[in-house]
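Notes follow once the structure below has been shown.
Readers should treat all values here as calculations from the given coordinates under stated rules, not as data from a laboratory. Keep in mind the model is a prediction, meaning the values are calculated, not measured. Here the Cβ positions follow ideal geometry from the backbone for every residue, glycine too, while neighbour counts run over all protein chains shown.
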Amino acid sequence: MPSYIVMGAQWGDEGKGKIVDVLAEKMDIVVRYQGGANAGHTVIHGDTKYVTHLIPSGVISGRSVNIIGNGCVVSPTTLLEEMDILRRQGVSFSPENFIVSPAAHMVLPVHQYLDKVLNEKIGTTVRGIGPAYTDKVQRTGIRWERACDGSFEEAYREHLDFVEKVYAIIEKKEMRTLRDGIPELVRTVESLKPFVRDARPVLAEAVKNDSNMLFEGAQGTFLDIDHGTYPFVTSSNTSIGGAYTGSGIFLDFKKRIGIVKSYTTRVGEGPFPTELFDETGETLRRHGNEYGATTGRPRRCGWLDLALLKQSCIINGFNYIVFSKISCLSGLKTLQVAVDYHPDGTPVYRELPGWEEDVLGCTDYLALPENCRRYIEFAEDFLGVPFGLISTGPDRDHVIERQPVF
Ligand code: IMP
């Protein structure tokens with residue numbers, strides 16, 4: 001069956017948007033299965049730049065059914081805002097082309113507030129993601145099914161009473177603001193009701209019909225709540241398991257695509273063994289325009305960590321890798337890649353020669369400088385997974401296809 005999954009292999013921001021966009025155009029179904037508006041995908045179509053945080057990228061091409069699965073956490077306000085922005089750019093939404101699972105949980109203003117006051121140490125996106133998942137696992141969350149049976153307002157009022165009892169940290173003034181916001185929130189939830197329906201029969205039908213399906217991962221493998229650098233992680237399963245629990249369907253994915261940036265970046269706090277604090281780190285940030293899509297924060301930058309990526313390949317079973325942003329490495333005399341760790345956790349590096357030539361937009365593998373090809377092939381051999389696509393720039397056609405993706 002022609003089903004594809006795209007996941008970030010590192011700490012997110014690997015450049016998933018571009019490949020997802022190329023794939024989404026040919027898909028019948030596109031599914032988001034974890035996370036929420038903490039993600040940020042930029043898709044450039046012609047002269048128009050679309051930014052999605054929550055909504056599957058398939059809405060842009062307009063030919064697929066787009067599903068926000070049960071594993072996601074979705075803010076009604078953010079969803080409506082994102083839909084409105086996309087509508088102004090010509091994207092249309094109907095209950096036929098856009099579905100929110102009734103079992104997805106809501107991210108509510110109280111979650112955003114709690115994220116701000118409780119999670120500073122993690123450096124979150126402050127979108128309320130962690131507190132919403134906390135409520136889900138604690139069994140005190142509010143699911144989107146509440147939009148359908150008219151019980152949302154009552155559920156949220158009860159929830160705020162509960163939160164007020166549990167969290168002494170919330171000021172009285174804040175509780176008043178949260179309660180004052182209820183009528184507007186109820187109106188927003190009400191307006192989204194037509195899109196809430198069980199997505200599982202749609203997925204089951206798609207499997208039966210051998211439809212093209214794309215599962216669109218958000219964040220990256222090492223932000224996974226189980227497999228990541230806990231506690232400096234997000235609150236969902238960003239690795240392949242999340243696709244199953246977060247959608248309710250089993251698929252034997254034809255391509256399990258890992259997006260690997262040709263160096264490493266991370267936003268927020270947490271371990272980063274190959275991080276660079278010197279001029280080279282600055283150069284990578286500048287060349288790669290490494291600033292968060294959701295928060296605008298400068299990203300931490302460092303060398304490619306193959307030892308870490310080996311683990312990512314094991315977790316996700318990648319059988320196809322997209323190697324991105326190779327053009328950002330031009331001009332570095334030498335490049336270090338981590339191949340192991342010393343007992344104290346510092347990386348064991350292998351040094352490779354760099355290249356001077358600008359490779360931006362290159363579409364021919366053999367036209368790349370020899371040292372650039374050596375770098376790619378060293379990483380490919382180390383990981384033992386074909387590097388099928390090499391991304392050489394931000395545009396859709398800035399790509400070298402070494403192995404067909406379809
Ligand atoms: P949260 O997902 O907002 O709870 O943030 C938890 C951690 O995940 C923080 O370090 C964030 O910076 C990081 N994070 C969340 N979403 C993304 C993303 O889309 N790209 C990169 N890092 C992210």
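For LYS26, the lysines whose Cα falls under 22 Å of its own Cα, not counting residues fewer than eight places away in the same chain, are LYS16, LYS18, LYS49, LYS208, LYS254, LYS255. One quarter of the surface of the convex hull around the alpha-carbon atoms of the stretch 20-152 equals 8.6 nm², the direction-averaged projected area.
According to the square roots a ≥ b ≥ c of the eigenvalues of the Cα gyration tensor, what is the shape class of the stretch 97-146, taking rounded for a/c under 1.5, prolate for a/b larger than b/c otherwise, and oblate for the remainder?
Values: a/c = 2.66, a/b = 1.82, b/c = 1.47.
Because a/c hits 1.5 or more and a/b exceeds b/c, the stretch 97-146 counts as prolate.
Taking the Cα centre of the stretch 127-197 as reference, the dipole from Cβ charges on Lys and Arg (+1) and Asp and Glu (-1) amounts to some 200 debye.
For the stretch 270-310, what Kirkwood radius comes out of the mean inverse Cα-Cα distance, in Å? Present the calculation step by step, with values, prior to reporting the outcome.
Values: mean 1/r = 0.0911 Å⁻¹.
Hydrodynamic radius (Kirkwood, Cα pairs) of the stretch 270-310 is 11.0 Å.
Per residue of the chain, the DSSP helices (runs of n ≥ 4 H) give a summed -39500 (n - 2.57) that works out to -9500 deg cm²/dmol at 222 nm.
Of the residues ALA155, ALA132, HIS105, the one whose Cα sits farthest towards the positive end of the charge dipole of the stretch 105-192 is ALA132 (charges of +1 on Lys and Arg Cβ, -1 on Asp and Glu Cβ, taken about the Cα centre). What the phi angles of the stretch 347-362 give under the Karplus curve with 6.51, -1.76 and 1.60, with θ = phi - 60°, is a coupling list of x, 8, 9, 10, 9, 10, x, x, 9, 8, 4, 7, 10, 3, x, 4 Hz, glycine and proline written as x.
Label zone of LEU360 (point 7 Å out along Cα→Cβ, amide N under 16 Å): in the stretch 274-291 this covers 283-290.
Taking square-rooted eigenvalues a ≥ b ≥ c of the alpha carbon gyration tensor, is the stretch 121-266 rounded, prolate or oblate, where a/c under 1.5 means rounded and, failing that, a/b exceeding b/c means prolate?
On the way: a/c = 2.62, a/b = 1.34, b/c = 1.95.
It is oblate, given that a/c is not under 1.5 and a/b is not larger than b/c.
Taking 0.36 nm per residue of sequence separation and subtracting the Cα-Cα distance, how much length would be gained by fully extending the chain between HIS45 and ARG374, in nm to one decimal?
Details: separation 329, 0.36 × 329 = 118.44 nm, distance 3.22 nm.
Roughly 115.2 nm would be gained on extension.
A convex hull fitted to the Cα coordinates of the stretch 105-192 yields 92 cubic angstrom per residue. Taking label positions 7 Å along the Cα-Cβ direction at both GLU184 and ASP381, the computed distance is 6.0 nm, reported to one decimal.
Using a Cα-Cα cut-off of under 24 Å, which lysines could be cross-linked to LYS136, ignoring same-chain neighbours fewer than 8 residues away? Straight-line reach from LYS136, under 24 Å: LYS116, LYS121, LYS165, LYS193.
Translational diffusion of the stretch 154-232, estimated by Stokes-Einstein from the Kirkwood radius over alpha carbon pairs at 4 °C in a medium of 1.567 mPa s, is 75 µm² per second. The per residue volume of the convex hull around the alpha-carbon atoms of the chain is 137 Å³.
At q = 0.11, 0.13, 0.16 Å⁻¹, what is the base-10 log of I(q)/I(0) for the stretch 310-406 according to the Debye formula with one equal point scatterer per Cα and no solvent? Please give it to two decimals. With one equal scatterer per Cα and no solvent, log10 I(q)/I(0) is -0.35, -0.49, -0.73. Computed from the C-alpha gyration tensor, the three semi-axes of the ellipsoid equivalent to the stretch 265-366 are 21, 18, 17 Å, from longest to shortest.
DSSP beta bridges in the chain, what fraction antiparallel, as a percent rounded to 5? Intermediate results must be reported in sequence, preceding the final value.
On the way: 21 of 56 bridges.
About 40 percent, rounded to the nearest 5.
Which residue fluctuates most in the GNM of the chain (Cα springs below 10 Å): VAL59, VAL166, VAL267? Among VAL59, VAL166, VAL267, the largest mean-square fluctuation in the Gaussian network model of the chain belongs to VAL166. Within the listed set ASN119, ASN209, ASN66, the Gaussian network model of the chain (springs between alpha-carbon atoms below 10 Å) gives the highest mean-square fluctuation for ASN209. Normalised by the number of residues in the chain, the average gap of Cα pairs under 8 Å and 6 or more apart makes the relative contact order 20 percent. Ordering SER247, VAL267, THR229 by the projection of their Cα atoms onto the charge dipole of the stretch 222-267, which places +1 on the Cβ of Lys and Arg and -1 on the Cβ of Asp and Glu, puts VAL267 at the extreme positive end.
If you place +1 on the Cβ of every Lys and Arg and -1 on the Cβ of every Asp and Glu, how big does the dipole about the Cα centre of the chain come out, in debye to the nearest 20? Don't skip to the end; give the middle numbers.
On the way: 44 positive and 53 negative charges, 121 e Å.
Dipole of the chain, to the nearest 20 debye: 580 debye.
Ordered from longest to shortest, the equivalent ellipsoid semi-axes for the stretch 191-285 are 34, 16, 13 Å, each the square root of 5 times a Cα gyration tensor eigenvalue.
Cα centroid separation, the stretch 113-127 to the stretch 55-72: 27 Å. About its Cα centre, the dipole of the stretch 256-401 is roughly 460 debye, where the only charges are +1 on Lys and Arg Cβ and -1 on Asp and Glu Cβ. In a fully extended conformation the segment linking GLU269 and LYS172 would gain 31.9 nm over its present Cα-Cα distance, using 0.36 nm per residue. Of all the options PRO76, PRO109, PRO273, the one that moves most in a Gaussian network model of the chain with Cα springs shorter than 10 angstrom is PRO273.
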